[in-house]
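Every number in this text was worked out from the coordinates using simple rules, so none of it is lab data. Note that the structure is predicted; figures quoted are calculated from it, not measured. Virtual Cβ from ideal backbone geometry, glycine too; neighbours counted across all protein chains shown.
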Number of protein chains: 2
Amino acid sequence: MQISSRFTIAVHVLICIEAFKNERKITSEFLASSVNVNPVVIRRLLQQLKKAGIVEVKRGSGGADIAGNLSDITLFDVYNAVESVGEGQLFHFHDNPNPRCPVGKNIHNIMDERLREIQEAMESRMRSITIKNIMDDAYQYINS
Amino acid sequence: MQISSRFTIAVHVLICIEAFKNERKITSEFLASSVNVNPVVIRRLLQQLKKAGIVEVKRGSGGADIAGNLSDITLFDVYNAVESVGEGQLFHFHDNPNPRCPVGKNIHNIMDERLREIQEAMESRMRSITIKNIMDDAYQYINS
DNA sequence: TTTGTTGTAATACTTGACATTACAACAAAG
DNA sequence: CTTTGTTGTAATGTCAAGTATTACAACAAA
C-alpha cells in the first residue's frame, strides 16, 4: 500500500503555480498538461488545497495562486490537505480483535503508542520541508 | 491511503505465537480467532513471514513458531515482509509527467530525494523497535 | 488409515484511486 | 447583456488491492 499520487501531484502543482505565475494564467488545463492528468483531477485537488488555505482559485475568470508565504507551507500541510481517508491514521488496524483473547483485548494498548511514534517520525520530517525549500531546488533544475 | 492491516495483523500474530507457545499448539485457526479474520488470511500471512525468515510453520502436524531471536526482529522486518506492492516506495508518483514542461521534466529530480528522506525517517524508526520490545509491553497488559 | 493441519487456487465483494463527460455557476470583456 | 473562458461538481466507469470465503490436495503424525 502506498500513499496516493495525489500528494506528489499536489506538490507538482504548487511548483508549477509558483514557477509560472508571472508568465501566464494558471488554469486547471495548464496544470493538467504538465502533470499529465485530466483537468478535473486538478480542479478537485485545488479544492482540497483551497480548503486547507494553501491556494486561492478564481472562479469564472480563472487562475490559481498560492496563498500566503512559501516558507510557511510544509510538505505535511500539503499531505494533510490531500490525503483524506483514515482520519489521519497512517496504519490501518484490523477491526474486531477478539476481546476474549488476552492479546486481542490489549492489542491497541500494546501497539498504538508505537505506531504513533512511527507516524510522528514521518510527519515531523515532512514538517521540516517547506515549499520554499522545494522551489529553491526546483529553480536549479529549471534554469539549466 | 493507509498502510494495510496486514502489518498490524502480523504483529498481533507474532505476539500470540510468542505468548502462547508453551500453552498450546499455534494453529492458523487459533490465530485467526484472536485476530478475528479468516484462517486463510493468517496462512497467507504466515507464508509471507516465513519467506522473510521470521517464522517457521509446520505443515501436516501443524503449528507456527518464531524463527530466531525476538530482539533481532524489528517492526521494519515485519513491515517489509507483508507490505508487498510499490517495490518499497512509500510514495506513489504520477506516471507520465509532461517532459516538455520544465517542471514535469524535472519533477523526479526535484522530489525524489526529499521523499526518500521522509520514508527513511519512518523506516528508521521502525528499525528501532524490536518484537522483544513489543513483547515486554505485551506482558504488562496480559498479566493484569 | 485416520485425523488435523497447512498451502494454495478459485471466486467474490468492497473500496479507493483515477479518468472522463457533461454542465451549471460564474466573472470579465466586448 | 451576451459571449467567452473558466471553475465547481455530479454522474459514471474502470481498475487494482484488500479482504473474505470455500474447497481441496499435500502432508505429518498418531
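Below is a table of values for the structure above.
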item	result
Leading residue at positive end of dipole, chain A (Cβ point charges), from A:Gln89, A:Asn36, A:Leu14	A:Asn36
Within chain B: Cβ-based charge dipole about Cα centre, in debye rounded to nearest 20 (Lys, Arg +1; Asp, Glu -1)	440
Distance between modelled label sites at B:Glu117 and B:Lys21, nm, 7 Å Cα→Cβ extension	4.1
Calculated [θ] (222 nm, deg cm²/dmol) that DSSP helices of n ≥ 4 give over chain B, each run adding -39,500 (n - 2.57)	-18500 deg cm²/dmol
For A:Glu56, residues with placed amide H under 5 Å, excluding near neighbours	A:Asp65, A:Ile66, A:Ala67
Nearest 10 degrees, 0 to 90: helix B:6-20 Cα axis against chain B principal axis	20
Projected label distance in nm at A:Lys105 and B:Ser84, using a 7 Å step from Cα toward the beta-carbon	3.6
Separation of alpha-carbon centers, region B:61-126 and region A:12-30, rounded to whole Å	30
Cα gyration tensor, region B:1-122 - rounded (a/c under 1.5), prolate or oblate	prolate
Peptide B:63-73 - average C-beta neighbours from other chains (10 Å radius)	0
